Each structure stands twice: as structure tokens, then as C-alpha cells.
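Please read the structure below before turning to the comments.
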Amino acid sequence: MSERKTVGVSLGGGGIRGAAHIGVLKVLHEAGIPITRLAGSSSGAIIGAMYAATRDPEWMENHFRTFLNSDAFHQLGTDALKKDRDPDSFLDQIARKVQDRLVIMLAMSRNSVIKRERLEKAIQYLLPVKSFEELAIPLDVAATDLVSGETVYYHSGNLIEAVVQSSSIPGFVPPTTANGKILVDGGVSAPNPVLELKRRTDLVIAVDIARRNLAPEPPGNILDIISRTEAVTSMHLNDLMIQAADVVIEPDVLGLHWSEFDQFEPLFQNGIQAAEKSLPIIRQGLHRSFWSRIKFWRSSS
């Protein structure tokens, strides 16, 4: 008799790039892949919670589209973050210098761009349940403690609060202070929380939506250098984490910034395409016995 394997799906963070997660979950669901646990950071936590609550990718797709036209979304103010100016124009160069000075002044006087309540309202709109105990599939939600530098995982209790903490992008949303911890986006320490699932499930599928295309022009000022350094560090940490997965699904995220919410459709479709290509290897992993997997791992090491 063949053993029934537990399957974990790890969903990385990336703002609107998380639309690809919906496409991936749609394919896995329709293919009958038995997802027994999910883990997510940031937007991965949001999409993971939506699926864990409903097991209904069609509802997720429709509900997220509705969200993008709602007051809860527009109040987040992500439109102001889009970088769509001409970088070669003289006026843009002047505007950039003024903007950089304003950013520094803002950073010295505030700890965020928007109030936490706006993100909380958006999460409440997106999630149909309020607690982990109401979920149909177990879920691990990652947040980062800036005091200890460790990843904090939530598995029970207040789901809304956990997902808000996991989605609190540093500088954009204020951190949460609780029990001696300062909690921010899970993607800071666990851009793809594969390791949490590795010890809980037999087969781990990681969905990688990391942004890897660095701007071709060299960083020109302090802010550019800091931003580039953060991007490189995050990219390498993400790549190290997904190496622990049994299967990695990599949708084409088009190099998009996390705030480009008008790009839902191509990201969703790219998630579908990437998942469909990965189905054969996922099925192979599900049918391989425990001992043959050990033998395979030894022969590959």
C-alpha cells in the first residue's frame, strides 16, 4: 500500500506579484494536488489565508479583482509609489533630487507612509474568516521581529492580526510593537518560508515570486545605494531558502515593483503557466516512495 504524503505549499512575498500565487493555486487545485499545509510571507500570507479559508481559487480570483476596485484598496495609496517617469529627462532629474530630500525629511520624522489601520482594513476585506481555527487548511504566517532578528510564525489565534504583521512593509506600514517585539513584514527574514514547511510536510512546493532584475544603471546616491543593497541581500536570502524545497515554481513576474497593482492579469496568467509546467515533477514527487527519495537525495548529493 502506498503512503499518503503531506504536501506543503510555501508562498513568497512580493505585493502584487502575489497575483501569480492565485494562478498557481488554481492549477494545483484543479489538478487534484492534495495541499495539506500552507505557509506565507507578506502577500504570500494573504493569498495563503484566502485559499486556506475557502479552497476556492475561482472565488479568490474574483474577490481579489473586486478588491482592486474597492475603497479599501485605493486608501492604501500604492499609486504614489509607481516609478513611471522618464529617467533621462532633465525635469525628472531635478524632480528626483527634490524627492530624495523630501524622503529623507519624511524618514526623520515618521516611521511609515500610511497608517496601520488602512492595511488592516484591506486585510479584513480580503479574508473571509478572522481566526486560524476557522481555516480549512493549516497555515503558517511569517513575521519578522526587528528586536531579535528572528522569524515569528503564527499558527493559531487572530488571523487578521498575523497577516497584517506579515504584510507590514518596513517604511510603508508602521511596525507592530507587542510583548517586547517590533514586528514587520515576514519577507524581511523569511522571503519564502520553506523551512517551516520542511519540518511539517513530506513534499514542499515553493512558489517563488522574487524580483531579480536590478536596474541597469549604477546607483547614484545614498538612497539608491541603500535600496540596491537591500534588494541584493533579499534576493540571495530568498534563493538560499527555496533551495530547501522539493519543487520550485517560478512564474515570470515581469520584474514588476510590488506596488504595480494594475498588472494583476499578466501575473495571474503567468502563475497558471508556470504551475502547469511543474505538474509532472510534482506528481513524480507524490508517487516516489520514502526510501527512493532518500536514495535519490544521496545519489544527488
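The values are calculated or read from the model by the stated rules, or taken from the named source; none is laboratory data. In this text the structure is predicted, and so the values were computed from the model without any measurement. Virtual Cβ from ideal backbone geometry, glycine too; neighbours counted across all protein chains shown. Just so you know, the surface numbers come from the protein's heavy atoms only, side chains and all, with ligands and any DNA or RNA stripped out. Shrake-Rupley method; radii C 1.70, N 1.55, O 1.52, S 1.80 Å.
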ask   = How large is ³J(HN,Hα) for each residue in segment 28-43, as worked out from phi by the Karplus curve 6.51 cos²θ - 1.76 cosθ + 1.60 (θ = phi - 60°), to whole Hz, x for Gly and Pro?
value = 4, 5, 5, 7, x, 5, x, 6, 10, 7, 10, 9, x, 10, 6, 4
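DSSP loop (so not H, G, I, E, B), at most 14 other Cβ within 10 Å: list which trypsin sites (Lys or Arg not before Pro) in segment 203-277 pass both filters. It would help to have the intermediate numbers written out before the result.
Details: sites: 211, 212, 228, 277; in loops: 211, 212.
Answer in residue order: 212.
Tell me the net charge near residue 218. Cut-off is 12 Å between Cβ atoms, residue 218 excluded, with +1 for each Lys or Arg and -1 for each Asp or Glu. Walk me through the numbers before you get to the answer.
Working: positive: 228; negative: 217, 224.
Taking every other residue near residue 218 into account, the sum is -1.
May I ask you to compute the full-extension gain from residue 137 to residue 273, defined as 0.36 nm times their residue separation minus their alpha-carbon distance, rounded to one decimal in nm?
Details: separation 136, 0.36 × 136 = 48.96 nm, distance 2.45 nm.
Contour length minus the Cα-Cα distance gives 46.5 nm.
Provide the net charge surrounding residue 150, with neighbours chosen by a C-beta distance below 15 Å and charges set as Lys +1, Arg +1, Asp -1, Glu -1. Could you put the intermediate results ahead of the total?
Working: positive: 181; negative: 140, 145, 185, 196.
Around residue 150, the charge tally is -3.
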remark   = The distance between the Cα centres of segment 1-79 and segment 122-158, in whole Å, is 14 Å
remark   = The ³J(HN,Hα) series, computed from each phi in segment 175-185 with the Karplus coefficients 6.51, -1.76 and 1.60 at θ = phi - 60°, rounded to the nearest Hz and given as x for glycine or proline, is x, 9, 9, 7, 6, x, 10, 10, 9, 9, 2
query = Roughly speaking, what is the stretch gain from residue 254 to residue 222, that is 0.36 nm per residue apart minus the C-alpha to C-alpha distance, in nm to one decimal?
reply = 8.9 nm
request  = Could you please report the charge total around residue 141, scoring K, R as +1 and D, E as -1 over all other residues with beta-carbon less than 13 angstrom from its beta-carbon?
outcome  = -3
key: Carbon + sulfur, % of accessible area of segment 116-259 - ligands and nucleic acids excluded, 1.4 Å   = 55 percent
note = Two pseudo-spin positions, 7 Å from Cα along C-beta at residue 265 and at residue 114, lie apart in nanometres by 2.4 nm
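DSSP loop GluC sites (Glu not before Pro) in segment 114-177 with at most 16 other Cβ atoms within 10 Å of their Cβ, which ones? Could you put the intermediate results ahead of the total?
Working: sites: 117, 120, 133, 134, 150, 161; in loops: 150.
Answer by residue number: 150.
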query = Out of residues 5 or more away from residue 182 or on other chains, whose amide H comes under 5 Å of its own, with H placed 1.01 Å from N in the peptide plane?
reply = 146, 147, 148
key: Placed amide H near residue 209: partners under 5 Å, 5+ positions off or other chain   = 12
request  = Once you have the Cα-Cα distance between residue 230 and residue 214, take 0.36 nm times their residue separation minus that, and quote the gain in nm to one decimal.
outcome  = 4.6 nm
task = Go through segment 146-161 residue by residue and turn each phi into a ³J(HN,Hα) via Karplus (6.51, -1.76, 1.60, θ = phi - 60°); whole Hz please, and just put x for glycine and proline.
result = 6, 7, 8, x, 9, 7, 9, 10, 10, 10, 8, x, 6, 5, 4, 4
